[in-house]
1. Quick check: anything in region 147-160 farther than 15 Å from residue 208 by Cβ, among the charged types (D, E, K, R) and in a loop (DSSP other than H, G, I, E, B)?
2. When the residues of region 73-123 are narrowed to those that are of a type in the set (Phe, Trp, Tyr), at pLDDT below 80 and open to solvent by less than 60 Å² (accessible area, probe 1.4 Å), which ends up nearest to residue 137 (Cα to Cα)?
3. How many residues does region 296-323 contain that are surrounded by fewer than 21 Cβ atoms within 10 Å (Cβ to Cβ), of a type in the set (A, V, I, L, M) and not in a strand (DSSP E or B)?
4. Need pairs with beta-carbon distance below 9 Å; first residue more than 15 Å from residue 30 (Cα to Cα) and within region 196-207, second in a strand (DSSP E or B) and acidic (Asp, Glu); sequence gap 6+ or separate chains.
5. Please go through (1) touching a residue at least 60 places away in the same chain (Cβ under 8 Å); (2) open to solvent by 30 Å² or more (accessible area, probe 1.4 Å); (3) in a loop (DSSP other than H, G, I, E, B) for residue 164 and return the number of the only condition it doesn't satisfy.
6. Report yes if some residue within region 282-295 is touching a residue at least 12 places away in the same chain (Cβ under 8 Å), open to solvent by less than 10 Å² (accessible area, probe 1.4 Å), in a strand (DSSP E or B) and out of contact with any His (no Cβ under 8 Å at 6 or more places or on another chain); otherwise report no.
7. Regarding region 18-33, can at least one residue be identified that is at pLDDT 85 or above, under 13 Å from the mean Cα position of the chain (by Cα) and under 16 Å from residue 310 (Cβ atoms)?
8. Please go through (1) open to solvent by 10 Å² or more (accessible area, probe 1.4 Å); (2) farther than 18 Å from residue 132 by Cβ for residue 267 and return the number of the only condition it doesn't satisfy.
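The values are calculated or read from the model by the stated rules, or taken from the named source; none is laboratory data. All figures in this text were calculated on a predicted structure; none of them were measured in a lab. All Cβ positions, glycine included, derive from the backbone under ideal geometry; neighbour counts span all protein chains shown. Ligands, DNA and RNA are stripped out before the accessible areas are found, and what is left, the full protein with its side chains, is counted by its heavy atoms. Shrake-Rupley method; radii C 1.70, N 1.55, O 1.52, S 1.80 Å.
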Amino acid sequence: MSKIENSKTYLGKELENIFFRPGFSGDGAEKLGIKVLYNMPVPTRIHFWHRPEDVLHKYAAAGWVGSPQTERYTKTIDLHRVKAEMSYSADEYFSLVYDSLAQSAITQLDDLTGTELEAAETAIFREAVVESVRATMWLGKTARETGLNTFDGLLYRIMSDIESQEMAAETFAAVSPETVQGSLQSVWNMAPLALRQLYAEGQLAYFVTGDIYEAYMDCLDQTDNEAAYLARQSGHSGLMYKGIPLVNMQIDSYLGTYGDIASSVILLTDRRNLALALNTGDFPGSEVRMWYNPDLMENRQRAIFMAGCDYLLPELISFSFKE
């Protein structure tokens, strides 16, 4: 057997539970570092609640003294219909799936049928779809002719709104271990008060490109103390500045091709202020399909769904970039 001919189609709840949720919930959502809204009611909205500052009142034996209603900020996320399609020659696809199974705990590889085969095929396609969505979430631009253009990403939306929304933003000239700490401090210094007041809630994060992340890691390694020495030996499991984690957006491999937005970025915001929305339940035609085409002797995979992303409040963003 040198080809895989089993076809599989995911629709409805299968599409949600087997294909998409494993990639965009749990560890998958944690790696993205932002809020993921999956199959929320359409139109999909991102919300941010702000409780009243003072809910205490002087006691009275009778009567009602109500506090002001909780403020709710909301913004609608534009969802775009997207399609992912991949094809492999039959021999290449067989080798790819076989290799995936060989690295698992499965020992019976003489019969590539059943749930193990289906799970391996699904995982290969899911990884490709998740990575494409993740990259577009950051670098997407619908005005671009080719590549990462299915929906506008967060960086493009922020860059486009910097002037009109009066966001806290500035540019920097260079990235190095000597300057990176000053750049992070500058982004904190210009952060709006509303953003700085959320520090105690533990949801702030610096979203940075890889050059910023590595420069800060090198900056810490240059420190002459025992902690820095141990970090040089064992590596850094996670970086923080002022107790705020640095999240590597992991988009540097794309910047050479899709660097028309910015070449280096420091974004300080509340994680709840950014959202990725996916929908496979409220639009006809959403599916994931995998099949073998005997005429061309190739295996094909297709996914159709809705996706989009946005930020909510400009006053919860402090942004620095290098063009």
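1. Narrowing region 147-160 to residues farther than 15 Å from residue 208 by Cβ: 147-153, 156-157, 159-160.
Filter once more, so that each one left must be among the charged types (D, E, K, R): 152, 157.
Narrowing further to those that are in a loop (DSSP other than H, G, I, E, B): 152.
Among the residues of region 147-160, at least one is farther than 15 Å from residue 208 by Cβ, among the charged types (D, E, K, R) and in a loop (DSSP other than H, G, I, E, B), which makes the answer yes.
2. Checking each candidate, the answer is 93.
3. Total meeting the criteria: 3.
4. Correct list of pairs: 198/270; 201/270.
5. (1)
6. Yes: one or more hits.
7. No, region 18-33 contains no residue that is at pLDDT 85 or above, under 13 Å from the mean Cα position of the chain (by Cα) and under 16 Å from residue 310 (Cβ atoms).
8. Of (1) open to solvent by 10 Å² or more (accessible area, probe 1.4 Å); (2) farther than 18 Å from residue 132 by Cβ, only one is false for residue 267: (1).
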